[in-house]
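Participant: Sharing a structure here in structure tokens format.
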Amino acid sequence: MYASAFYIYLWVMIALAVVVFVALYFVEAGYGMMISPKWGKAINNKIAWFLMEFPIFLAMLILWFFSPHRMEATSIVFLLIFETHYFQRSLIFPWLMKGKKSQMSLVVMFMGIAFNVLNAMMQGYWLFYEAYNVNPPALFVQAGSKWFCSWQFVLGLVLFIIGFVINLRSDYIIRHLRKDDNDTKHYLPQGGMFKYVTSANYFGELTEWLGFAILTWSVSGLVFFIWTFANLVPRANSIYKRYRQEFAEEMKGKSLKRIIPFIY
């Protein structure tokens, strides 16, 4: 992929993110508490999550393995950081979920797979290939292992870790709302960052990928953050409205926001 084509690809991804952001304020994606027959055939939620998330874990690993720069310290560290999230998301998270009857639309699953593969190409191609070929090379290429002492890497890594921990803690809270696999009721999450927002898990993920964009100081990382924002913010809005309907009394008097504490 030539540099000019790669940047066109990034601009196309940004344009698509804008379309998705607007569309999701009018259409609720068919998974989780928003599952609906109008999205067509659905399959078991655990299997769908695995099939949706594992491709990006595998694709990123393959792109790194075939890179001539795979043994660079920055390449290895960036890979480990990125894969930490998707190892948990594809090989641990789905199998801890409760609810035997929980499902995800096949349409949503395949859209997720498509985006994840495109995102792997976007992140992996830049971090392991193009960053070394552009003139001048990316800042982390110029700095080498000294990049780990840069303010960008330190700040980004701190944000990534904070976001990762918030995401894990929030998933734990959501997972333990239900008594067992046969419980299909909805509950209002309490504790942790749920004291401030109704979608604390999404806030954690948003923070993670902002951190990744900063620690890699890459345009591809920024585009991924934009996509994360475009996908999760409207979703958080839909969840907030659903909670306001289902738990009107519990939410009365609470100053909960949707996804960003004290702001939105």
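Derivation of every value follows stated rules applied to the coordinates shown; laboratory data play no part. This structure is a prediction, so every number in the text was calculated from the model and none was measured. Every residue, glycine as well, gets a Cβ built from its backbone with ideal geometry; the counts of neighbours run over all protein chains shown.
Participant: Rank by packing, highest mean first: peptides 35-48, 109-122, with packing defined as the count of other Cβ atoms within 10 Å averaged across residues. Walk me through the numbers on the way to the answer.
Facilitator: On the way: 35-48: 15.4, 109-122: 18.1.
Result, highest mean Cβ count within 10 Å first: 109-122, 35-48.
Participant: Mind checking which of 109, 144, 218 is farthest towards the positive end of the chain's charge dipole, using Cβ charges of +1 (Lys, Arg) and -1 (Asp, Glu) about the Cα centre?
Facilitator: Checking the options against the dipole of the chain, the answer is 109.
Participant: A follow-up question, please. What does the helix-only formula give at 222 nm for the chain: each DSSP H stretch with n ≥ 4 adding -39500 (n - 2.57), the total divided by the residues, and the result rounded to the nearest 500 deg cm²/dmol? Kindly include the intermediate steps, with their values, before the conclusion.
Facilitator: Working: 10 runs with 160 residues, N = 264.
Value at 222 nm, helices only, nearest 500: -20000 deg cm²/dmol.
Participant: Let me ask you something else. Which of 180, 171 has the fewest other C-beta atoms within 10 Å, and how do the rest follow up to the most?
Facilitator: Numbers: 180 8, 171 20.
Fewest-to-most Cβ neighbours within 10 Å comes out as 180, 171.
Participant: Taking the dipole about the Cα centre of the chain, with the C-beta of Lys and Arg at +1 and of Asp and Glu at -1, give me whichever of 26, 119, 71 is farthest to the positive side.
Facilitator: 26
Participant: With charges set only on the Cβ (+1 for Lys and Arg, -1 for Asp and Glu), what does the dipole of the chain come to about its Cα centre, in debye to the nearest 20?
Facilitator: On the way: 23 positive and 14 negative charges, 184 e Å.
Once rounded to the nearest 20, the dipole reads 880 debye.
Participant: Taking the Cβ of residue 113 as the centre, find all other residues whose Cβ is under 14 Å away and add up their charges (Lys, Arg: +1; Asp, Glu: -1). Can you show the working numbers first?
Facilitator: Details: positive: 89; negative: 53.
Neighbour charge sum, excluding residue 113 itself: 0.
Participant: Continuing with this model, one more query. Work through the residues other than residue 227 whose Cβ is under 14 Å from its Cβ and net out their charges, Lys, Arg +1 and Asp, Glu -1. Before the final figure, lay out each step's value.
Facilitator: On the way: positive: 235; negative: 205, 208.
Local charge sum for residue 227: -1.
Participant: Around residue 52, what is the net charge, scoring Lys/Arg as +1 and Asp/Glu as -1 over all other residues with Cβ under 12 Å from its Cβ? Could you put the intermediate results ahead of the total?
Facilitator: Numbers: positive: 46, 89; negative: 53.
Residues near residue 52 contribute +1 overall.
Participant: For the chain, set up a Gaussian network in which alpha carbons nearer than 10 Å are linked by springs, and say which option among 208, 72, 28 fluctuates the most.
Facilitator: 72
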